[in-house]
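A.B. asks: So that we are looking at the same thing, I have put the structure below in structure tokens.
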Amino acid sequence: MFYLDRPSSVSSVKRPYPTVPPDLDKLIRGVGDSLTGVVFDDDSQVIRTLAWKVYADSREPGAFVRVNELSQFDNEAFQSLDFLDLPE
């Protein structure tokens, strides 16, 4: 989850979602590249990604990243989002 600053010129009514750059795929790529050599040998090992970007209206801008080993979950667990345990 990427939390982006809302520009002061953009109201939540005018633009409720950050549909402007940076592109979500570029944010994901940046995380994958930064975790290479730290969490995994290469970001080619990533087989599944769930991501979205929102405005950080009620929190600090930044990112929440969770990495799980595939062996920790069976295929059935990945069919829902229950395994995420996202912060509020």
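A.B. asks: Using modelled amide H (1.01 Å from N, peptide plane; none on Pro or chain starts), what sits under 5 Å from the amide H of residue 63, excluding residues fewer than 5 places away?
C.D. replies: Here 3 satisfy the definition.
A.B. asks: Quick query: amide H of residue 55 versus all other amide H atoms, modeled in the peptide plane; which residues come in under 5 Å with a sequence gap of 5 or more or a different chain?
C.D. replies: Hits under the 5 Å cutoff: 4.
Every number here is computed from the coordinates shown, using simple stated rules; none is lab data. If you're wondering where the values come from, they're calculated on a predicted model, not measured in any experiment.
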